[in-house]
Amino acid sequence: MAPDLLIETILPHLGAILGLGLGVILIARLMREKRRPSNTFAWLLVIILAPYIGVPLFLLIGGRKIKKLTSDKRSLRLHPHEYDQDFIEDSPFGLLGHGNKTRFLPDATDAYDVLIESIQNAKTSIDITTFILSHDAVGRRVVKELSRKAKEGVAVRLLLDAIGSFGKKTFYMLELEKAGGKIERFMPVFPIAFPGATNLRNHRKIALFDKQSAIIGGRNIGREYMGPNPSKSRWTDFGVEISGPAVSALNTIFEEDWAFASRKRGYKAVPQSVVKPVPGGESTIEIMASGPDTPDDPLYEKVLASIQDAESSITIVTPYFIPDEVLQRTLSVKARTGKEVTIIVPKRSNHRITDLARRTFLRELQASGVKVLAYEREMMHGKALLIDEKLAMTGSANMDLRSLFVNFEVAAFFYSQPDIKEVESWIKDVSSRCTELQAEQLERQRYLKGLAEDLSHLIAPLL
């Protein structure tokens, strides 16, 4: 065949040939990675049936445990502390600290006041990481206070997720940099160095003061989450202020994230000192990080193990509920064997597609005997887990596939009765504003609404 004829024959189909080849490579990568069967099936379906959509989509957001990302961030991981104290120890999932003090923050106004006061009282350093920093009165006030402390010589570092706070580096934030504070973005929107990692977001919310105390939970920085005055439209959320040895782990988590985000500037992670017990501190707290930089899925594994060990009751509070097959089956089995299983979700969240996707999961669980409560008031954004009144958890992670398997998250597990009672009290308060969903309210709807529910459930592994 003449060269010209060969070119004329192949050229019109070159795009299809390249697309097919790339699709085969991506499918091979899918089969190698540790993914849930539903996630693998969903990506295979999109890549095979709609390659012109599926291939670029996978290249943009298909990453989960990316080797280069993992190795780069692991190279920044601090050397484990040489623990010779009896108040801090490594656990199978994270770090366990004894002798902590806690102050739980169920009220949005209190949460705002504690954040502002903590910034104002800081003497040496302030480290804050948040998914969203809103360009509103709350966000501007926080940045203003940070700028004031930076001018006083306090070392201020602000770590923002590149998508969660997309476009938020405006003039009022430049004030912080001019004052001597530092701002970094975590994972650019188009991470050329890490193809497929656009959806690997830093969803952690951590505020550290003088490396001795911390605030963590579900709240971002914005008027939806907190403010100086009560507001009927403000979301219901939850958080906790911690001081004591557990802060050691949070300091390390932030330091590693900061080193990763600022690595191009040549920044190297600095080993963090162990925080000593607080006088009168009686709380035992386990801190764990989870995300694309961890070898496995410690947060998911801890949640699953805790639920499997439950002897009498399990309560989950989450704004978005999209479990994997194992978690779904475990909850169902627990309910069928007589355990009291309760799931609390907002009646309507701020993401309609996740509300549609959750219906099938909730319908199946309800048929197994799980009690499903819908929060009737404003958006409920808090996250909590309560097991047998013996263990409680809160943090940044939702009970969905994205938080459990994709995002960078952080959680605190509480083992002391006063802390567990605080979480239980908040859950009871939330429950008092809920109605129990009945079977007919969760049954599959007809026509277009039913089709939308089916499609949402199908793509749930990709959400």
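The values are calculated or read from the model by the stated rules, or taken from the named source; none is laboratory data. All values derive from a computational prediction rather than experimental measurement. In this analysis, Cβ positions are derived from the backbone assuming ideal geometry, glycine residues included, and neighbour counts consider all displayed protein chains.
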**Prompt:** What are the pairs, 6+ residues apart or on separate chains, where a residue within the stretch 294-311 that is within 21 Å of Arg201 (Cβ to Cβ) has its Cβ under 6 Å from a residue that is aliphatic (A, V, I, L, M) and assigned to a helix (DSSP H, G or I)?
**Reply:** Tyr300/Leu404
**Prompt:** If you go through the stretch 372-397, how many residues are crowded, with 24+ Cβ neighbours inside 10 Å, of a type in the set (A, V, I, L, M) and outside any strand (DSSP E or B)?
**Reply:** 1
**Message:** Scan the stretch 345-361 and tell me whether some residue there is part of a strand (DSSP E or B) and either in contact with a strand residue (DSSP E or B) (Cβ under 8 Å, 6 or more places away or on another chain) or of a type outside the set (Phe, Trp, Tyr) (or both).
**Reply:** yes
**Item:** Filter result for Ser231 (among the hydroxyl-bearing types (Ser, Thr, Tyr) and modelled with pLDDT of 95 or more)
**Value:** no
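Among the residues of the stretch 287-322, write down those that are of a type in the set (S, T, N, Q), surrounded by 22 or more Cβ atoms within 10 Å (Cβ to Cβ) and touching a Ser or Thr at 6+ places or on another chain (Cβ under 8 Å). Spell out the reasoning first.
Just the residues of the stretch 287-322 that are of a type in the set (S, T, N, Q), to begin with: 290, 294, 306, 308, 312-313, 315, 318.
Imposing the further condition that a residue be surrounded by 22 or more Cβ atoms within 10 Å (Cβ to Cβ) reduces the set to 290, 315, 318.
Matches in the stretch 287-322: Thr315 only.
One residue is enough: does the stretch 403-414 have a residue meeting the conditions over 17 Å from the mean Cα position of the chain (by Cα) and either over 18 Å from His203 (Cα atoms) or surrounded by 17 or more Cβ atoms within 10 Å (Cβ to Cβ) (or both)? Spell out the reasoning first.
Narrowing the stretch 403-414 to residues over 17 Å from the mean Cα position of the chain (by Cα): 414.
With the extra rule that they be either over 18 Å from His203 (Cα atoms) or surrounded by 17 or more Cβ atoms within 10 Å (Cβ to Cβ) (or both), the set shrinks to 414.
There is at least one residue in the stretch 403-414 that is over 17 Å from the mean Cα position of the chain (by Cα) and either over 18 Å from His203 (Cα atoms) or surrounded by 17 or more Cβ atoms within 10 Å (Cβ to Cβ) (or both).
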**Message:** Condition check: more than 20 Å from the chain's Cα centre (by Cα), of a type in the set (D, E, K, R) and at pLDDT 80 or above. Does Lys182 satisfy that?
**Reply:** yes
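Among Arg348, Arg359, Arg263, which is exposed (fewer than 15 other Cβ atoms within 10 Å of the Cβ) and among the charged types (D, E, K, R)?
Details: Arg359 fails: exposed (fewer than 15 other Cβ atoms within 10 Å of the Cβ); Arg263 fails: exposed (fewer than 15 other Cβ atoms within 10 Å of the Cβ).
Selected residue: Arg348, the only one of Arg348, Arg359, Arg263 that is exposed (fewer than 15 other Cβ atoms within 10 Å of the Cβ) and among the charged types (D, E, K, R).
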**Request:** Determine, yes or no, whether Phe104 is touching a residue at least 12 places away in the same chain (Cβ under 8 Å) and touching a His at 6+ places or on another chain (Cβ under 6 Å).
**Result:** no
**Request:** Kindly list the number of the only condition in (1) in a strand (DSSP E or B); (2) of a type in the set (Asp, Glu); (3) out of contact with any Gly (no Cβ under 7 Å at 6 or more places or on another chain) that fails for Glu409.
**Result:** (3)
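Return the total of residues in the stretch 143-162 being assigned to a helix (DSSP H, G or I) and either acidic (Asp, Glu) or out of contact with any helix residue (DSSP H, G or I) (no Cβ under 7 Å at 6 or more places or on another chain) (or both).
Counting residues in the stretch 143-162 that are assigned to a helix (DSSP H, G or I) and either acidic (Asp, Glu) or out of contact with any helix residue (DSSP H, G or I) (no Cβ under 7 Å at 6 or more places or on another chain) (or both) gives 4.
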